[in-house]
Amino acid sequence: MPRVTITREVHFSAAHRVFNPEWSDERNFEVFGACANPNWHGHDYVLYVAVEADLDRDTGFVMDFKDLKSVVESRVVQDMDHKNVNLDVPWMEGIIASAENMVVAIWDRLVDRLPEGVKLAKLTLWETPRHYVEYSGE
């Protein structure tokens, strides 16, 4: 059977502060700029979740999109939407809340929650309309 990739787009809004707690405020502002603001800042994130598998001969699906939506909503969106990533998301505790670290943590939340035979292929996390990060599990 052909191997096909499907992608689900999800949205969530979250606040964060990008800073290293071992550094002074001055050093954090030097490295992270306004993202180190101690009063936080927020984004309207867009996450693309791509999964791949051989087409199911009986359904023609890689995976039912409703099931993919359910996994992403329950494992990521419910934890992050309208939350402070630094304070309210337990699985980000102790991790610098950069988009790069967030996409890796999201991967870890999803990779083992897919149906048998379905592989998480790539995550793309848009933090603003002008920049995004991608992760493929490597």
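Quick check for you: with a 1.4 Å probe and neighbouring chains kept, what is the accessible area per residue of segment 1-64, in Å²? Kindly include the intermediate steps, with their values, before the conclusion.
Details: 3750 Å² over 64 residues.
Normalised by residue count, the accessible surface of segment 1-64 is 59 Å².
Considering only protein heavy atoms and a probe of 1.4 Å, how much of the accessible area of segment 1-79 is carbon and sulfur, as a whole percent?
Taking all protein chains in place, segment 1-79 shows 48 percent carbon and sulfur surface.
Contact order normalised by length for the chain, with contacts defined as Cα pairs under 8 Å and 6 or more residues apart; what percent is it?
Values: 234 pairs, mean separation 41.8, N = 138.
Reported as a whole number, the value is 30 percent.
If one computes the Cα centroid of segment 32-51 and of segment 114-138, what distance in Å separates the two points?
Rounded to whole Å, the Cα centres lie 16 Å apart.
The values are calculated or read from the model by the stated rules, or taken from the named source; none is laboratory data. Please read these numbers as outputs of a predicted model, since none were measured by experiment. What goes into the accessible areas is simple: the full protein's heavy atoms, side chains included, and nothing from ligands, DNA or RNA. Shrake-Rupley method; radii C 1.70, N 1.55, O 1.52, S 1.80 Å.
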